[in-house]
1. In region 268-311, which residues are among the hydrophobic types (A, V, I, L, M, F, W, C) and under 18 Å from H85 (Cα atoms)?
2. List the number of the failed condition for L258; all other conditions in (1) outside the structural domain of I237 (by TED's automatic domain parsing); (2) in a helix (DSSP H, G or I); (3) of a type outside the set (S, T, Y) hold.
3. Quick check on region 214-232: of everything there that is aliphatic (A, V, I, L, M) and touching a helix residue (DSSP H, G or I) at 6+ places or on another chain (Cβ under 8 Å), which residue is surrounded by the most Cβ atoms within 10 Å (Cβ to Cβ)?
4. Condition check: aliphatic (A, V, I, L, M), over 30 Å from K283 (Cβ atoms) and either in a loop (DSSP other than H, G, I, E, B) or at pLDDT below 85 (or both). Does A112 satisfy that?
5. Taking the condition of being modelled with pLDDT under 90 and of a type outside the set (S, T, Y), how many residues in region 177-205 meet it?
6. List pairs: first in region 234-258 and closer than 18 Å to V161 by Cβ, second of a type in the set (S, T, N, Q) and in a helix (DSSP H, G or I), Cβ under 8 Å, 6+ apart or cross-chain?
7. When region 291-310 is examined, which residues are found to be more than 23 Å from the chain's Cα centre (by Cα) and hydrophobic (A, V, I, L, M, F, W, C)?
8. For region 278-334, enumerate the residues that are of a type in the set (S, T, Y) and either assigned to a loop (DSSP other than H, G, I, E, B) or crowded, with 20+ Cβ neighbours inside 10 Å (or both).
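The values are calculated or read from the model by the stated rules, or taken from the named source; none is laboratory data. These figures come from a predicted structure and were not determined experimentally. Every residue, glycine as well, gets a Cβ built from its backbone with ideal geometry; the counts of neighbours run over all protein chains shown.
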Amino acid sequence: MRKSPCTKLQCLYSTIIKTDWEQNSNNNILLSVHYTSTVNHPNIITPHVIDLHRLTWTRYNAHFLLPNPQLCKSVTNLLALVIVHTAPSHFERRDVMRQTILFLLGAVFDNATQIKIQDEFIKYGDLIQGNFVDAYRNLTHKGVMGYKWISENCMNAKMIVKVDDDVVVDTYKLLKEYVPKLSGRTRYILCNHIAPGTMLIIREKKNKWYVDSDLFRGYKFYPRYCSGFGVIMSTDIIPFIYRAAYLTPFFWVDDVYLYGMLPSKIKDIAYISLAGNFSLNFKKSLDCIDNITQKCPFLISGGGKPEDVVQLWDAMGRAHERTLTMEHISANNTTGNGEIHNMSGEGESTTYSDTREIPQYANINIKKEGVKPALNDGAKAAVNETKVTKTKIISTHTLESDSRKKETTNTI
């Protein structure tokens, strides 16, 4: 351990914290003090006095090895950017999703893999690579990198959709049923919400999710956060979340950090529950989507293997075609006005309750112009060729990798 002169950021905090900073060999800043944050920004909450015992700040200012800054700028009316967590070696999975995805990756030590990644970038132009080491406990860094890239390059997107590379988002359902409900809303996070006091912090050293007793000291449960397999956020909160990363001690469990600790510092965030509208079981998902007798509620479905993902994409395409056929038949028999019905929770925020009955999503009819099945021919037609009222969608993949204030959770 060595003492080091303070950087610009460290010196700023020294005036607030009144402590010496120590830097270890992993480029982490360590401290053990009481402090009061006095950050002057209208959208970031300044916490009360907090005990920081061996918490770590990582000096996150990573640059991009493959930045790809023009991607979002190339789309005039960008509806959604989908960020998927993937690993550098998942070449086959990326090939399956190639035409609808932008991939975020970290650096690798293996030169042969890096050469293949560079060749892949030259061929497809859909990769963003950061200069941090791609490792399991660096997933938090990858998520923050995504926030950074969006803040700098893709604020024209109306929403951000983050998924892992073994799950599939039903883009038809997203466009038809969720986008109209979320239109006009700001500062929201739609996800599988983990309520405070429900998820134990693992303290057993042999467990994969072991957390040292110095972290979250005095806490038995994690604060509010989201499961990271699928999260939809309004783009307006992304720059504030990224800025909050500079004020928040690093924590390696990425779901807790990216979708809990960071958003907790932003004022007026509304969590919207995705409960009942996803499945991570491949067979259950496929059977539900292919059921012709009733509408499948799943927005997000789990696959696992690349071929599972392809099957889910194809099933979603078939379900969409069935829906279009039924709507065409219905339109010939009745006159519709394309209205949206039963918007749950619109105009109000409701306190989250584990026992609250969560309503199913609304039945919605929306007029379409030139909708093309995006998943025909092996699920390889691009989502940004799918048009709904002349709005384009781009999707993007990134890598694998006791709340004191009153918070609200809505259902959609």
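1. Going residue by residue through region 268-311, those that are among the hydrophobic types (A, V, I, L, M, F, W, C) are 269-270, 272, 274-275, 278, 280, 282, 286, 288-289, 292, 296, 298-300, 309-310.
Correct list: F278, L280, L299, I300, V309, V310.
2. (1)
3. It comes out as I232.
4. no
5. Qualifying residue count, region 177-205: 1.
6. As it stands, the answer is I238/S151; P239/S151; Y242/S151; D254/T140; L258/T140, since those pairs meet every condition given.
7. If the condition is that a residue be more than 23 Å from the chain's Cα centre (by Cα) and hydrophobic (A, V, I, L, M, F, W, C), then I292 is the only one that fits.
8. S279, S285, T293, S301, T334
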